[in-house]
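The values are calculated or read from the model by the stated rules, or taken from the named source; none is laboratory data. For clarity, every value in this text was computed on a predicted model and none was experimentally measured. Glycine also receives a Cβ, built like all others from the backbone with ideal geometry; neighbour counts cover every protein chain displayed. Each accessible area value is taken on the protein alone, full model and side chains, heavy atoms only, with ligands, DNA and RNA left out. Shrake-Rupley method; radii C 1.70, N 1.55, O 1.52, S 1.80 Å.
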Amino acid sequence: MSLPRIAIDAMGGDEGVRVMVEGAALARRRHEDFQFLLVGDQARIEAALEAHPALRSASEILHCDDVIGGDELPSRAIRRAKTTSMGLAVNAVKVGDAGAAVSAGNTGALMAMSKLALRTMPGIGRPALAALLPTLEDHDVVMLDLGANTEANARNLVQYAVMGAAYSRIVNGFERPKVRLLNIGTEEIKGTDALRDAAARLQEASEASDGGLALQFDGFVESDKINRGETHVVVTDGFSGNIALKAIEGSARFVTDLLRNAFTSSLRSKIGFLVSRPATELLRHHLDPNNHNGAVFLGLNGVVVKSHGSANAAGVANAVAVTASLLKNNLTQRISQGLAELGEDALKENGNGAAKVEKPDSEAPA
């Protein structure tokens, strides 16, 4: 089966066309079955493609010179969906010209455009932004929501669990991923009503499924255990998730800066750096966000992947590879199957009503 082509918003991100084209070219060298629709200024794209003939032969260009700004409000950006590179890349998925879209542009605008164009899947109340984070084990942890919706009720959290598990099965290969809800403690009495309600629903569904449910609900997890590798999927609301993600990224930068300062503080420390360089290089590689690049909007009728705005070519290539994997492994179909296995009782609206709809976090990192 041939892989549907991937629409690339070539104008998004901090460096735009150059990095996006180089990233697509790198992905193409690693996977010769990749095909692309490059959306953006045709002259600039063609100039960038001169150094990548293999990518040029595997790509079509859709001209567009209008770009969504990084600080543009989603409500304003969405009005220009039909004239911007981001909007046209998402629309290509809607009309079937591409199987998925990748953008490094404004996260909030991308979320708004994707939701309007593709709509949410049946049974999904709110889409969620999911990303892979490094752990001490040999697998990444899937975490969601990271900023698509600042609030979530129990029904939303249960849906996030199903979607995150489907994503984990694809990217990490776990048959029944271990899922936990982010909380301030692991005791059953801790947390908000929504968290405790979601936990009860997931626990009941797990016990009633007789192994048929494609996830293992394993209770609560605290934020200091997210990267330990003890769980495969961490579920939370977008407000808490975005704060936790930024804290993790900030801590990673803090550690690397501390090491850099320590190893340059004296001649002895510089010699120590040379001795320990293999270990520090391994640490740097493990913490490099480019090696985990590619956040996914789960719950839509189509695949949309958000690349970090500051990603380099290797990071963009990784986001493209994630996108292709989701296409090959039928992400939306797996989510639908998970919802069916969960049952209607676990997905009923709770007494607190639906979660409040907020504007997407336009600066949620991915």
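What pairs come up if the first residue lies in the range 237-264 and is open to solvent by less than 40 Å² (accessible area, probe 1.4 Å), the second is among the small types (Gly, Ala, Ser), and their beta carbons are under 6 Å apart, counting only those six or more places apart or on different chains?
237/152; 238/147; 238/148; 242/147; 242/364; 244/223
Do we find that residue 42 is free of Cβ contacts under 8 Å to residues at least 24 places away in the same chain and within 21 Å of residue 5 (Cβ to Cβ) in this structure?
For residue 42, the condition - free of Cβ contacts under 8 Å to residues at least 24 places away in the same chain and within 21 Å of residue 5 (Cβ to Cβ) - is met.
So how many residues does the range 225-247 have that are charged (D, E, K, R) and assigned to a helix (DSSP H, G or I)?
Going through the range 225-247 one residue at a time, the tally reaches 3.
Taking the range 22-40, which residues are surrounded by 20 or more Cβ atoms within 10 Å (Cβ to Cβ) and touching an Asp or Glu at 6+ places or on another chain (Cβ under 9 Å)?
36, 37, 38, 39, 40
Tell me which residues, restricted to the range 2-42, are over 19 Å from the mean Cα position of the chain (by Cα) and at positive phi.
If the condition is that a residue be over 19 Å from the mean Cα position of the chain (by Cα) and at positive phi, then 16, 40 are the ones that fit.
Looking at the range 301-313, which of its residues are more than 17 Å from residue 17 (Cβ to Cβ) and over 13 Å from the mean Cα position of the chain (by Cα)?
301, 302
In the list 78, 45, 61, which residue meets the criterion of being assigned to a strand (DSSP E or B) and either more than 24 Å from the chain's Cα centre (by Cα) or surrounded by 13 or more Cβ atoms within 10 Å (Cβ to Cβ) (or both)?
That would be 61, the only listed residue that is assigned to a strand (DSSP E or B) and either more than 24 Å from the chain's Cα centre (by Cα) or surrounded by 13 or more Cβ atoms within 10 Å (Cβ to Cβ) (or both).
Just a yes or no: is a residue in the range 11-21 part of a helix (DSSP H, G or I), surrounded by fewer than 23 Cβ atoms within 10 Å (Cβ to Cβ) and of a type in the set (Gly, Ala, Ser)?
no
Condition (residue is in a strand (DSSP E or B) and either open to solvent by less than 60 Å² (accessible area, probe 1.4 Å) or among the charged types (D, E, K, R) (or both)) applied to the range 85-101: is it met by at least one residue?
yes
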